[in-house]
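Single-structure report; data block below.
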Amino acid sequence: MIDKNYCMSHYLAFRFIKDENVNFFDGLTHSVFKPKSEKDIEFVYTIDDMDKVIREKINDFYIPNKTAILLSGGIDSAVLASYLPEGTKAYTFKCIAEGAIDETQRAKKYCEKYGLNHEIIEMYWSDFEELTPEILKHDGVPFHSIEVQLLKAARHAKSQGIERLIIGESADLIFGGMDKLISKNWDFNEFKERYNFVNPQKVLKNPVSVDDVYEKYRLENNKIDFLKFLDEVFSIESSTSYMHAFEIAGIEYLDPYSYMRMGEKLDLNRVRNGEPKYMVRELFRKCYPDFEIPDKIPMPRATDAWLDDYRGGGHSSLVFTENFTQNMSGDQKWLCWCLEKFLELYDKGVENV
């Protein structure tokens, strides 16, 4: 089915379009990440169970001198780094922009502890301008900004002879790391307003309701099964970004956490009282007994600085309302900018917008 307005609304709200059967234009298709089958999943009850899965998956995947890790300053990838042989390459992103988050020093300390070969990959706005058209053509849809960083890193790694990358992307979803999104038992409409990355009703001239995505998770008393929503919607969006970037680069990747599920029900009280990802935190303490546990931050991307002056152009007057970027964060502006670039590539029938 072709439905441009549906696709624009769903992309802005969720950062991807989950339904592979709905596309922007004739001749375009898109794909989304498919979760692993239950037979590939192991339930973990203790950090010893986690240790076993991580060790087995990395041992099976690791090829000397051809395997590296994407290492942030957080605990998820740091735990995985502790399982790697000395000399393994570890790449950390650093966005070059005023006020950008810098994780490189903390990542360097992880590398020093385990003898890894640390390298910083600098990210510039020019990388986004250069790589966005290629990614749009591959994906067939506009995308999450992390794909640019992932593609640049993967290509850089390949230029150094690396064929496989290890990531720690899914730990947040599996082990209760999305502490702000699981901070309370949300009312249905309240969660919908909180989750939408950009509310299409506020910025598009011809928005389509995205309520159908949320209705599947509606509970009695106007509540919502937010945990199931995150597991079935957010996790697919995030994993799709990694899948696409590494497809373009032609590089294999492993996320050991994606083979796990918590054996016991997530203890929301612990998460809400300052212990997000309490199982991963416990394993981190074992791997890095002398390190403080850092606060969680998303993959650094300096969109606030890079898109500070963005007000739209090109297709913006055709699809967006007046002053649509007012009060937007940089990450929200990215979604609009990327959608605009996509339409500039593919929208030949602008009168049908």
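The values are calculated or read from the model by the stated rules, or taken from the named source; none is laboratory data. From a predicted model like this one, the values you see are computed outputs, not experimental measurements. Glycine also receives a Cβ, built like all others from the backbone with ideal geometry; neighbour counts cover every protein chain displayed.
The lone criterion from (1) within 26 Å of TYR278 (Cβ to Cβ); (2) touching a helix residue (DSSP H, G or I) at 6+ places or on another chain (Cβ under 8 Å) left unmet by TYR45 is number (2).
In the range 148-198, what residues are surrounded by fewer than 19 Cβ atoms within 10 Å (Cβ to Cβ) and aliphatic (A, V, I, L, M)? Selection gives LEU181, ILE182.
What do you reckon, is ASP267 surrounded by fewer than 19 Cβ atoms within 10 Å (Cβ to Cβ) and closer than 30 Å to LYS39 by Cβ? Yes.
The single condition among (1) of a type in the set (A, V, I, L, M); (2) surrounded by fewer than 21 Cβ atoms within 10 Å (Cβ to Cβ); (3) farther than 30 Å from GLU275 by Cα; (4) modelled with pLDDT of 95 or more that ILE120 does not satisfy is (3).
So, PHE234, is that one modelled with pLDDT of 95 or more and in a helix (DSSP H, G or I) or not? So PHE234 fails the test.
Listed conditions (1) more than 25 Å from the chain's Cα centre (by Cα); (2) closer than 30 Å to MET328 by Cβ are all met by ASP308, apart from (1).
The residues of the range 148-173 that are small (Gly, Ala, Ser) and either closer than 25 Å to PRO133 by Cβ or assigned to a helix (DSSP H, G or I) (or both), listed by number, are ALA153, ALA154, ALA157, SER159, ALA171. The residue pairs whose first member lies in the range 330-341 and is touching a residue at least 24 places away in the same chain (Cβ under 8 Å), whose second member is part of a helix (DSSP H, G or I), and whose beta carbons are closer than 6 Å, counting only pairs six or more residues apart or on different chains, are GLY330/THR303; GLY330/ASP304; ASP331/THR303; TRP334/THR303; LEU335/LEU12; GLU340/SER316; LYS341/THR132.
Results for (1) at pLDDT below 95; (2) closer than 30 Å to GLN201 by Cβ; (3) among the aliphatic types (A, V, I, L, M), shown as yes or no for each residue.
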{"site": "PHE24", "(1), (2), (3)": "yes, yes, no"}
{"site": "GLY27", "(1), (2), (3)": "yes, yes, no"}
{"site": "VAL44", "(1), (2), (3)": "no, no, yes"}
{"site": "TYR62", "(1), (2), (3)": "no, no, no"}
{"site": "ILE69", "(1), (2), (3)": "no, no, yes"}
{"site": "VAL79", "(1), (2), (3)": "no, no, yes"}
{"site": "GLU86", "(1), (2), (3)": "no, no, no"}
{"site": "LYS89", "(1), (2), (3)": "no, no, no"}
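Between ILE96, ILE135, the distinction of being touching an Asp or Glu at 6+ places or on another chain (Cβ under 6 Å) and at pLDDT 95 or above belongs to ILE135 only.
Residues checked against (1) out of contact with any His (no Cβ under 6 Å at 6 or more places or on another chain); (2) under 28 Å from ASP347 (Cβ atoms); (3) in a loop (DSSP other than H, G, I, E, B); (4) charged (D, E, K, R):
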| site | (1), (2), (3), (4) |
| --- | --- |
| LEU227 | yes, no, no, no |
| TYR253 | yes, no, no, no |
| ARG261 | yes, no, no, yes |
| VAL271 | yes, no, no, no |
| LYS286 | yes, no, no, yes |
| ALA305 | yes, no, no, no |
| ASN323 | yes, yes, yes, no |
| LYS333 | yes, yes, no, yes |
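Exactly one residue out of SER126, SER72 is of a type in the set (Gly, Ala, Ser) and touching a helix residue (DSSP H, G or I) at 6+ places or on another chain (Cβ under 8 Å): that is SER72. Looking across the range 29-52, the residues that are within 28 Å of HIS244 (Cα to Cα), part of a loop (DSSP other than H, G, I, E, B) and not charged (D, E, K, R) come down to THR29, HIS30, SER31, VAL32, PHE33, PRO35, SER37, ILE41. Checked against (1) surrounded by 21 or more Cβ atoms within 10 Å (Cβ to Cβ); (2) within 15 Å of the chain's Cα centre (by Cα), CYS111 meets all criteria but (2). Residue count for the range 20-46, restricted to those that are over 11 Å from GLU237 (Cα atoms), within 18 Å of the chain's Cα centre (by Cα) and charged (D, E, K, R): 1.
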